[in-house]
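Worksheet: the structure to be examined is printed underneath.
The values are calculated or read from the model by the stated rules, or taken from the named source; none is laboratory data. Here the structure is a predicted model, which is why all the values come from computation and not from measurement. Heads up, the Cβs are rebuilt from the backbone with ideal geometry, glycines too, and the neighbour counts pull from every protein chain shown. These area figures cover heavy atoms from the full protein model, side chains too; ligands, DNA and RNA do not enter into them. Shrake-Rupley method; radii C 1.70, N 1.55, O 1.52, S 1.80 Å.
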Amino acid sequence: ARAPAARATPHPQTLSTDMCARAGTGASAAASAAGGRAVLFVLLAASLAATAQESKCQCEMCGVPGGRKSMVAGHVVETEPRPGDPRPYPPKDDSHVRNDTTVHMLLSAFRDPRCGQTVANAFLRARHPERIHVGIVQQNLPDKDNFDCIAVYCELMKAEGHAKCPYLERLEIVRVDASQSKGPIWARAIGAALVRPKHEFCMQVDAHVDFMEHYDAALMKMWALAENEYAVLSTYVGNVKQDLSKSGHVLIGHPYYEIPFICSTIVGGHGVVRNSQATGAYCLPRPHLSFTWAAGWSFAKCHFERNVPNDPFLEGMFDGEEFSRMLRLWTHGYDVYTPHRPVVFHDYTHGRPWQQGRESTWNGNPPGLPYAKRRYFSLVDKKGAEHVELGPYGLGSQRSIDQYIEFAGIDPRTSLFLNKDNCGKLKYVPFIEDPNKVKSVMPPYPVELPGALSKAHEEEVPSIDLKYVEYAHEMITIEKLQEPTISHKQQKN
């Protein structure tokens, strides 16, 4: 099984591209970007003509006699509840089947021009781009980073044939001086200010990702299959370099529909809980209940973001980000499901020359780190820890820490993984619903925003050095020309 590294990089918004033999002029950048997807699709047509006979699903769920059963971490798992098992609260409305339902993407970028390509990908890969909204937290050094996420996006969309920069009315951005950055949780928390009442589904991603073709429709179907109003889809994401084709078709995991599944935790920095490496799951017919949440990709109703917002006071923390939010969301009555198909793909490439001096420059020990650790240990009820008032960033009242220990086999009080061997075998834990949660409002950001909030359509697009457009576009030029052995259409079925 593929086992993607468990947050192995020092920052989720790490940067990298191969800058060898790059002219970097505005003309070459525009020409490179203009090659874009149009030329690639011509090449794909030729590639498809030479493709060998298509493979077929080899799973029992596909009706294959003797096919592989649904498995997680090498164990056969049940994918349907048994009669009499408790069931989650079903979806409250039909928003997941409507084509006009808004999807709001939460994106934080640390000195990363690929942010603009990620925004472009979000619109270009969507079946219904008119419903996509994006909230950006950009952390740049004004004297060194002569690029802007929205400006790079506009140049890339111009190369795709748009005379005017499209969808600006759906873009909002907070521009922060990167010298004031205080870590990934702090940055993601700023994005809470960009979640509006009209936003129905929210998706958190990193600043350098691409998406499966028609990902928006696919995610709605996946979320619906969980049959849970409080479902959160999340797992580690694939590698854009090897797992996604130029046309947005999934190359990885066939013929058994393999997907990364996080099955354990370890003790990380400062003695906190962090996710371990992923194992593999196979032949899942629907999203599968999990006990971990991944910060690099998360999809849920936006009331999740409003009820369990990122804690802006966890300054300087990296380890502990995922587990602290997992514990909070679970005690608030939310459930994490590993999706049964890959949808989001990350650019994991490192060492490109333009990145030099940009990686991990937020690290160090900000003054708020000791307080952040006290908040974490108060949250998880560590023995002897100082009690800290957490406000809207504390645990919920729908489930308890003791219930989580029994459910997951992870003791947050000691940071120990108890080896209960229950990954993939979890049973839904019922709770008494608070019906007000689905109507909740975002708590106000507790301090003054550290940067200016702008609506993209109300401002002039900033001027940039166009070489950064080329740097951003390189993220998708590394995608493969080949098509999957099982067609995209068949995969979706």
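Some observations on this one:
- Estimated purely from DSSP H runs of n ≥ 4, each contributing -39500 (n - 2.57), the mean residue ellipticity at 222 nm for the chain is -7000 deg cm²/dmol once divided by its residues.
- The H on the amide N of Ala278, modeled in the peptide plane, is under 5 Å from the matching H of Ala6, each at least 5 residues off or on a different chain.
- Placing a pseudo-label 7 Å from each Cα along the Cα-to-Cβ vector at Ala163 and Lys439 gives an inter-label distance of 4.7 nm.
- Ranked packing of 290-298, 265-273, 420-428, 100-108, most packed first, by mean Cβ within 10 Å: 290-298, 100-108, 265-273, 420-428
- Residue-count net charge about Gln58 - beta-carbon cut-off 12 Å; Lys, Arg +1, Asp, Glu -1: +1
- Carbon and sulfur %, accessible surface of region 49-170 computed with the full protein complex present, 1.4 Å: 49 percent
- Residue-wise HN-Hα coupling along region 288-296, computed from phi with Karplus coefficients 6.51, -1.76, 1.60 (Hz; x: Gly, Pro): 10, 4, 9, 10, 10, 10, 10, 6, x
- Here the extension length gained between Arg127 and Glu386 equals 88.3 nm, from 0.36 nm per residue of separation less the Cα-Cα distance.
- Among (i) 36; (ii) 17; (iii) 7, the entry derived from the coordinates for percent of Cα pairs over 46 Å apart: (iii)
- Net charge, Thr118 excluded, C-beta distance under 11 Å - Lys, Arg +1, Asp, Glu -1: -2
- Ordered from largest to smallest accessible area (heavy atoms of protein chains, 1.4 Å probe), the residues Met442, Met203 come out as Met442, Met203.
- Sorting the segments 127-133, 405-411, 92-98 by their mean number of nearby beta carbons within 10 angstrom, highest to lowest, gives 405-411, 127-133, 92-98.
- Probing with 1.4 Å while keeping every protein chain in the model, the per residue accessible area of the chain equals 39 Å².
- Taking amide H positions as modeled 1.01 Å from N, with prolines and chain starts lacking one, the residues under 5 Å from Ser298 and 5 or more places away or on another chain are Gln204.
- Note on region 355-493: dipole from Cβ charges, positive end direction compared against Pro484, Pro430, Pro370; the farthest Cα belongs to Pro430.
- Residues whose placed amide H lies under 5 Å from that of Val273, excluding near-sequence neighbours: Gly268
- Only protein atoms count toward the accessible area here, which uses a 1.4 Å probe; on region 418-493, the carbon and sulfur part of that area reaches 52 percent.
- FRET efficiency estimate (nearest 0.05) - Cβ-Cβ, Tyr89 to His457, R0 41 angstrom: 0.65
- Extreme residue, positive dipole direction of the chain, given options Gly238, Pro129, Tyr393 (C-beta unit charges): Gly238
- Computed 3J(HN,Hα) for region 240-252, one whole-Hz value per residue from the Karplus formula 6.51 cos²θ - 1.76 cosθ + 1.60 where θ = phi - 60°, is 4, 6, 10, 10, 9, 7, 4, 7, x, 9, 7, 9, 8, glycine and proline marked x.
- Given charges at beta-carbon only (K, R positive; D, E negative), |dipole| of the chain in Debye: 700 debye
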